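Enquirer: Here it is: the structure, laid out below.
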Amino acid sequence: MRIAVNTRLLVKDKLEGIGFFAFETLKRITQQHPEHHFYFIFDRPYDKSFLFSDNITPIVTYPQARHPYLWYLFFEFGVPYQLRKIKPDLFISPDGWIPLHIKIPIVNVIHDLNFEKNPEFIKPTPLRYYKRFFHRFAEKSTQLATVSEYSKKDIHKIYHIPYEKIDIVYSGCKSHFQPATPEGKLKTRQEESNGNPYFLFVGLIHKRKNLDNIFRAFDKFKETDNTGAQLVVVGQKKWWGGDIEDAYNAMQHKDDVIFKGRIDTDRLSRITSGAEAILYPSLFEGFGVPILEGFHAEIPVMTSNVTSMPEVGGDAAYYVNPLSVDEIAEGMHQLINNENLRKELVERGKIQRQKFSWDLTAKLLWESTEKVITQIQNRAK
């Protein structure tokens, strides 16, 4: 079987959420299925580390798809041009975008419909593109996959896609995330937080991540804190401004907030294992990988009681209403001072984390793909 794959998000040193999903699943699928040949379609010169096995042919087509107008040109002209040349049997997209006018079966992963539920979080030009095209992407796909039951229900309800056409494949967590020894934790704190205990936020600096309420809650927490705890923020200030910047500027304890920017995975894993707890009270998530990272680092996790996060956290997370500053602040007190609660959440996290892995994600995504392969083979009989 000749399988073309959208690999535009495989960009060296710039992998983020869905890019990591593509990397981890495609690496396993291509290595585990040498009986098929894969054509990786990039939108720029590629790094050879993304050619995971001998059954991959890389193809570069243009333009680079990093803007709504260029997305359209890439998927409606660049990709179809290459598909006409290679004549694949099947097209896989791990990021939701597909060409609308190709005539071969499609397996497509739509991770969430945040822009449908919270359009105020999206800039006007991308929002117009998403609104115009994503329902068509869903309808055009032969088989859909998504990363949570929550997202599956959204896709069914909003786009009226039959449940049987949508598979759940979840996401996973990198093997880098491991618990620290007491000595390792102390060393990390000396390097990253002046020796102080700290809470950790990881994610894009974006309104959806609720960092403004984290700032307000941390300020409230510090009013009665006697641990010297700090707040470490890891993520690009890509959408810094508005409520986030205003909340930060209004803080009485902003000197206890440490910004790390974007960092590599090795350093992130060390900072995670050195933290008192993960703070992840996001307003909306299709999955929520930092929850798993906390479970694997064996530290407590605070997250929201909305969207997909209870599905990922199970009974192993401390849940808050993300709109309640008081609940988030109280959660900080509990997670740093209540040792019995900390131990209980860590033990539960060891169990909950076993439900998710990149090996399982790749297996489930391939099972979705096999459904379509079977359809192709049956039609050929």
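Derivation of every value follows stated rules applied to the coordinates shown; laboratory data play no part. Since we're looking at a predicted model, the values are computed, not measured. Virtual Cβ from ideal backbone geometry, glycine too; neighbours counted across all protein chains shown.
Enquirer: Run the paramagnetic zone check for Q375: 7 angstrom along Cα to Cβ, then residues of the stretch 153-167 with backbone nitrogen under 15 Å.
Expert: So the set is 161-167.
Enquirer: In sequence order, what are the phi-derived ³J(HN,Hα) couplings for the stretch 165-174 according to the Karplus relation 6.51 cos²θ - 1.76 cosθ + 1.60 with θ = phi - 60°, rounded to whole Hz, with x for glycine and proline?
Expert: 8, 10, 9, 9, 10, 6, 10, x, 9, 5
Enquirer: I need the P(r) histogram for the stretch 152-307: all alpha carbon pairs, bin width 5 Å from 0 out to the longest distance, whole percents.
Expert: All Cα pairs considered, the percentages come to 2, 9, 17, 20, 19, 14, 9, 5, 3, 2, 1.
Enquirer: Could you check the spin-label model distance between N305 and Q178? Points 7 Å from the Cα along Cα→Cβ, value in nm.
Expert: 3.7 nm
Enquirer: As I understand it, the value is the acute angle between the Cα axis of helix 124-140 and the longest principal axis of the Cα atoms of the chain; what does it come to in degrees, rounded to 10?
Expert: 50 degrees
Enquirer: So which lysines pass the test for K12, namely a Cα distance under 22 Å, with those fewer than 8 places away in the same chain ruled out?
Expert: Here the lysines satisfying the reach criterion relative to K12 are K27, K48, K174, K237, K238, K260.
Enquirer: Just for the stretch 182-355, what percent of DSSP beta bridges are antiparallel, to the closest 5?
Expert: Details: 0 of 17 bridges.
Here the share of antiparallel DSSP bridges comes out near 0 percent.
Enquirer: At what distance in nm do the modelled label points of R84 and D54 sit from each other, each positioned 7 Å from its Cα along Cα→Cβ?
Expert: Each label point lies 7 Å from its Cα, and together they span 3.4 nm.
Enquirer: Which value, to two decimals, describes the C-alpha radius of gyration of the stretch 226-349 once divided by 2.2 N^0.38 Å?
Expert: Working: Rg = 14.3 Å, N = 124, 2.2 N^0.38 = 13.7 Å.
Compactness ratio reported: 1.04.
Enquirer: Once Lys and Arg get +1 and Asp and Glu get -1 on their Cβ, which of L15, F284, V107 lies farthest toward the positive end of the dipole of the chain?
Expert: Selected residue: V107.
Enquirer: Modelling each spin label as a point 7 Å along the Cα-to-Cβ direction, I'd like the R267/L360 distance in nm, to one decimal.
Expert: Distance between the two pseudo-spin positions: 3.2 nm.
Enquirer: Same structure, new question: Tell me the angle of helix 358-380 to the major Cα principal axis of the chain, expressed in degrees between 0 and 90 and rounded to the nearest ten.
Expert: 20 degrees
Enquirer: Once you keep just the Cα pairs under 8 angstrom separated by 6 or more residues, what percentage relative contact order results for the chain? Show your work: numbers first, answer last.
Expert: Details: 721 pairs, mean separation 57.4, N = 381.
Answer for the chain is 15 percent.
Enquirer: On to the next question. If you add up the charges near N321, with Lys and Arg at +1 and Asp and Glu at -1, over every other residue whose beta carbon is less than 14 angstrom from its beta carbon, what do you get? All intermediate terms of the calculation are to be shown ahead of the outcome.
Expert: Working: positive: R216; negative: D326, E327, E330.
Charge balance near N321 sits at -2.
Enquirer: Same structure again: Tell me the Kirkwood hydrodynamic radius of the stretch 113-198 in angstroms, computed as one over the mean inverse distance between distinct C-alpha pairs. All intermediate terms of the calculation are to be shown ahead of the outcome.
Expert: Working: mean 1/r = 0.0610 Å⁻¹.
About 16.4 Å for the stretch 113-198.
Enquirer: Place the peptides 295-303, 42-50, 228-236 in order of packing, highest mean first, counting for every residue the other Cβ atoms within 10 Å and averaging per peptide. Mind showing how you got there, number by number?
Expert: Working: 295-303: 25.9, 42-50: 15.3, 228-236: 20.6.
For the peptides 295-303, 42-50, 228-236, the packing ranking is 295-303, 228-236, 42-50.
Enquirer: If the cut-off is a Cα-Cα distance under 21 Å, which lysines reach K381, setting aside same-chain residues fewer than 8 apart in sequence?
Expert: K381 reaches K87, K103, K371.
Enquirer: Moving to a separate point now. Roughly how tilted is helix 211-222, in degrees to the nearest 10 and between 0 and 90, from the longest Cα axis of the chain?
Expert: For helix 211-222, the angle is close to 20 degrees.
Enquirer: Could you work out the relative contact order of the stretch 182-355? I mean the mean sequence separation of Cα pairs under 8 Å and 6+ apart, divided by the number of residues, in percent. Present the calculation step by step, with values, prior to reporting the outcome.
Expert: On the way: 325 pairs, mean separation 39.8, N = 174.
Computed over the stretch 182-355, the figure is 23 percent.
Enquirer: Just the Cα atoms of the chain: what Rg and Dmax do they give in Å?
Expert: Taking only Cα atoms of the chain, I get Rg and Dmax of 21.6, 73 Å.
Enquirer: Tell me which residues come under 5 Å, amide H to amide H, from D167 once H is placed; ignore anything under 5 positions away on its chain.
Expert: L144, A145, T146
Enquirer: Also: So how do 321-329, 239-247 stack up, highest first, on mean other-Cβ count within 10 Å?
Expert: On the way: 321-329: 18.4, 239-247: 14.9.
Final packing ranking: 321-329, 239-247.
Enquirer: Quickly rank 306-318, 99-111 as a protection proxy: mean count of other C-beta atoms within 10 Å, highest first.
Expert: Values: 306-318: 21.8, 99-111: 19.2.
Sorting 306-318, 99-111 by mean packing, highest first, produces 306-318, 99-111.
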